[in-house]
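The values are calculated or read from the model by the stated rules, or taken from the named source; none is laboratory data. If you're wondering where the values come from, they're calculated on a predicted model, not measured in any experiment. Backbone-built Cβ (ideal geometry, glycine too); neighbour counts: all protein chains shown. All accessible areas refer to the heavy atoms of the entire protein, side chains included, with ligands and DNA or RNA removed. Shrake-Rupley method; radii C 1.70, N 1.55, O 1.52, S 1.80 Å.
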Amino acid sequence: MLTESQITEYRSEGFLLLEDVFDVGDVAALRREVTDLYGTEHPGRIFEEDGTTVRGIHGCHTTSALFSRLVRLPELLTAAEQLLESKVHVFQCKVNAKKALRGEVWQ
């Protein structure tokens, strides 16, 4: 549950940073999952023009059980619904793997 101060900050700044939502173990598990998704054949895996370097993974929540659970976490859903004042739907969950200042441009 967000505080009134947090909601005000979001409305003023356009974003809200929530610290300590995930612990070190949670982040490590997500990083391992991303690495696994880099090597897993699926339609959402997007490559650079070289055809071998992964530049993104689209639809993580439809491919990975861990990401499917992540987008349904009550802590995240409750905060999003409070800020948007409505129910929410995950349209896209993706990882942008493109390295800064390298690789092809994004549309």
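Residue count for the range 22-39, restricted to those that are of a type outside the set (D, E, K, R) and outside any helix (DSSP H, G or I): 2. Looking across the range 5-27, the residues that are open to solvent by 50 Å² or more (accessible area, probe 1.4 Å) and hydrophobic (A, V, I, L, M, F, W, C) come down to Phe15, Leu17, Leu18, Val21, Phe22, Val24, Val27. Report yes if Glu85 is open to solvent by less than 50 Å² (accessible area, probe 1.4 Å) and among the acidic types (Asp, Glu), otherwise no. Criteria not met by Glu85.
Taking the listed residues Glu104, Glu75, Glu85, the one that is among the charged types (D, E, K, R) and at pLDDT 90 or above is Glu85, with no other qualifying. A single member of Leu37, Leu77, Leu30, Leu66 is aliphatic (A, V, I, L, M), closer than 26 Å to Glu4 by Cβ and open to solvent by less than 70 Å² (accessible area, probe 1.4 Å), and it is Leu77. Residues of the range 40-62 that are over 12 Å from the mean Cα position of the chain (by Cα) and within 30 Å of Leu2 (Cα to Cα): Thr62 alone. Candidates in the range 49-63 are the residues that are over 27 Å from Tyr10 (Cα atoms) and touching a Leu at 6+ places or on another chain (Cβ under 8 Å); of these, the one that is surrounded by the fewest Cβ atoms within 10 Å (Cβ to Cβ) is Thr63.
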